[in-house]
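A.B. asks: Next up is a structure, given as structure tokens.
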Amino acid sequence: MSENKIPYKIYLSEEEMPTAWYNVRADMKNKPAPLLNPGTLEPMKAEELEGVFCSELVKQELNNDDRYIEIPQTIRDFYKMYRPSPLVRAYCLEEKLGTPAKIYYKFEGNNTSGSHKLNSAIAQAYYAKQQGLSGVTTETGAGQWGTALSMACAYLGLDCKVYMVKCSYEQKPFRREVMRTYGADVTPSPSNTTNVGRAILEQFPGTTGSLGCAISEAVEAAVSSGGKYRYVLGSVLSQVLLHQSVIGLETKTALDKYGITPDIIIGCAGGGSNLGGLISPFMGEKLRGEKDYRFIAVEPASCPSLTRGKFAYDFCDTGKVCPLAKMYTLGSGFIPSANHAGGLRYHGMSSILSQLYHDGYMEAVSVEQTSVFEAAEMFARIEGILPAPESSHAIRVAIDEALKCKETGEEKTIVFGLTGTGYFDMVAYEKFNNGEMVDYIPTDEELEKSFAQMPKVDK
Ligand SMILES: *Cc1c(COP(=O)(O)O)cnc(C)c1O
């Protein structure tokens, strides 16, 4: 079929959607390091994790061996409300750049929550429902995850308690109202509804909160619910990458239909879930020695966990109530400057992606936010979609790679993940349009200070 002109949008039929998630850990020689109990420093057992997380999700979290895990029918039906998502050939962008490169993007913004997070939200809500729980607790930073989870919980009739980082709660009232419209209970964090929240407020009275702190509150709310609630997390965990593999599986099916083999696959990386999901099936081929691809993780220069972090065991949250994870991290005490890509401000990175990066299977670059918004605006004007600031990190690097092809004349095929839309980020766009956007890059001294606070684990 390769002589046929590739359409602007490759849509799969519903029958072509994946029926199982792909678990890339099955093909990794060096498995991601286990979560550790912060008290004993021993690997967390399923029973210990089940106090915090839903039982089926604990199984998925610990499953390093099964290559495929069937997607339950209810989740597949829900996916059909907004999937399959299109794989778009960026003809207009290619022409504007004058590049011989062929650029494709997988667009995950076609649902009300506006991002890929719904792919895992529905899965996690489903397993909570299966277990007979009343509801789930979670944190949200920029608000995309909270919105996605609210939608999933509304669909299944579950309570949804969201701890929203206080500065977002105040600055993004519309996100908050979307969550409440879907029935979620939204509390600004830190709050006085939890012990950890009260302690943080006492120590830092004026604080506008952080993701790590909201996580601690949401975990406490679940653990102290008498078993009626469990905590769910929208990124970082291996189960979330598993659910997000639906992005990569659809992308691969669409490319295969037209005999297209990508050279470079690019994604933005906050906790690593969209990138991990997008690259998983391709990474599997690379790990099995069948094919070779370049994978590029793009992170903000203000929160550079892969490019400047340490690969070590660290806390996942500020309150230090969660297990320790081995990952590229800036230290759980690191609070990045207020950049506008809220979804990329986590201090750590998925253990799976961290291990793959450590073993040389993946590259990483960091970019500054003014150059990200230049790319975002160019993309909006040429391709029509108003991208989320997070997604625009991937756009920036896709454009940079396409411009390199223009210089060398190479016709590389570039695929990137367009994770969401930016309608709720107009304050950020306003700053950019007014020329008021600044870039803040942490100094080595600041990072060293944060590294010095990390737990000393000899594993
Ligand atoms: C949350 C979010 C991200 C970053 O999260 P990952 O887990 O790294 O994928 C990227 N883009 C959008 C639109 C988001 O909402």
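The values are calculated or read from the model by the stated rules, or taken from the named source; none is laboratory data. Given the structure is predicted, the values throughout are model-derived calculations rather than measurements. All Cβ positions, even for glycine, are placed from backbone atoms using ideal geometry, and neighbour counts span all protein chains on display. Ligands, DNA and RNA are excluded from the accessible area calculation, which covers all protein heavy atoms including side chains. Shrake-Rupley method; radii C 1.70, N 1.55, O 1.52, S 1.80 Å.
A.B. asks: Tell me, how many Å apart are the Cα centres for the stretch 19-94 and for the stretch 297-342?
C.D. replies: 20 Å
A.B. asks: Roughly speaking, what is the centre-to-centre gap between the stretch 424-456 and the stretch 211-250 when only Cα atoms are used, to the nearest Å?
C.D. replies: Computed from Cα coordinates, the inter-centre distance equals 25 Å.
A.B. asks: Ignoring everything except DSSP H segments at least 4 long, calculate the 222 nm mean residue ellipticity for the chain; use -39,500 (n - 2.57) per segment, divide by total residues, nearest 500.
C.D. replies: Calculated from helices alone, the mean residue ellipticity at 222 nm is -12000 deg cm²/dmol.
A.B. asks: Please compute, for the alpha-carbon atoms of the stretch 34-107, the extent along each of the three principal axes and give them in descending order in Å.
C.D. replies: Result for the stretch 34-107: principal-axis Cα extents of 58, 32, 22 Å.
A.B. asks: In debye, nearest 20, what is the charge dipole magnitude of the chain about its Cα centre with +1 on Lys and Arg Cβ and -1 on Asp and Glu Cβ, if you could check?
C.D. replies: 540 debye
A.B. asks: Go through the chain and flag any cysteine with no other cysteine's C-beta closer than 4.7 Å, please.
C.D. replies: Isolated Cys, the chain: CYS54, CYS92, CYS167, CYS213, CYS268, CYS303, CYS405.
A.B. asks: A follow-up question, please. Taking the stretch 88-167 as the region of interest, what is the percent of Cα-Cα pairs per 10 angstrom bin, listed from the shortest bin to the one with the maximum distance?
C.D. replies: Percent of pairs per bin, in order: 18, 36, 20, 15, 10, 1.
A.B. asks: Once Lys and Arg get +1 and Asp and Glu get -1 on their Cβ, which of THR261, PRO173, VAL223 lies farthest toward the positive end of the dipole of the chain?
C.D. replies: Going by the Cα projections, it comes out as VAL223.
A.B. asks: Working only with C-alpha atoms, what are the Rg and Dmax values of the stretch 234-388, expressed in angstrom?
C.D. replies: When restricted to Cα atoms, the stretch 234-388 yields Rg and Dmax of 15.9, 49 Å.
A.B. asks: A further question on this structure: Top to bottom by accessible area (1.4 Å), largest first, where do VAL457, VAL223 land?
C.D. replies: VAL223, VAL457
A.B. asks: Follow-up. log₁₀ I(q)/I(0) of the stretch 327-373 at q = 0.21 Å⁻¹, via Debye over equal Cα point scatterers, no solvent, to two decimals?
C.D. replies: Debye intensities relative to I(0), on a log10 scale: -0.87.
A.B. asks: Provide the per-residue ³J(HN,Hα) series for the stretch 82-97, in order, calculated from phi with Karplus coefficients 6.51, -1.76, 1.60 and θ = phi - 60°, each as a whole number of Hz, with x at glycine and proline positions.
C.D. replies: Rounded to whole hertz, the list is 9, 10, x, 8, x, 9, 9, 8, 7, 3, 5, 5, 4, 5, 4, 6.
A.B. asks: Turning to a different aspect of this structure: Over the chain, what number does the Rg to Rh ratio reach, with both radii from the alpha-carbon atoms and Rh per Kirkwood?
C.D. replies: Rg divided by Rh gives 0.94.
A.B. asks: Let me ask another. Assuming 0.36 nm per residue, please report the length gained on full extension of the stretch GLN131 to ILE382 beyond their Cα-Cα distance.
C.D. replies: Residue separation times 0.36 nm, minus the Cα-Cα distance, leaves 85.7 nm.
A.B. asks: What's the carbon and sulfur percent of the chain's accessible surface, probe 1.4 angstrom, rounded to a whole number?
C.D. replies: 49 percent
A.B. asks: Could you please state, rounded to a whole Å, how far the C-alpha centre of the stretch 364-392 is from the C-alpha centre of the stretch 150-204?
C.D. replies: 28 Å
A.B. asks: Moving on. In the full protein assembly as shown, how much of THR261 is accessible to a 1.4 Å probe, in Å² to the nearest 10?
C.D. replies: About 70 Å², rounded to the nearest 10.
A.B. asks: Starting from 0.36 nm per residue, how many nanometres of slack lie between SER55 and LYS9 once their C-alpha separation is accounted for?
C.D. replies: Residue separation times 0.36 nm, minus the Cα-Cα distance, leaves 12.7 nm.
A.B. asks: Output needed: percent of Cα pairs per 10 Å distance bin for the stretch 300-343, bins running from 0 to the one holding the longest distance.
C.D. replies: Histogram of Cα-Cα distances, whole percents per bin: 29, 52, 19.
A.B. asks: Right, next: Rounded to the nearest 10 Å², what accessible area does CYS167 show when all protein chains are kept and the probe is 1.4 Å?
C.D. replies: Looks like 30 Å² after rounding.
A.B. asks: Calculate how steeply helix 273-287 sits against the longest principal axis of the alpha-carbon atoms of the chain, using the helix alpha-carbon long axis, and give the answer as 0 to 90 degrees to the nearest 10.
C.D. replies: On a 0 to 90 degree scale, this one is about 60.
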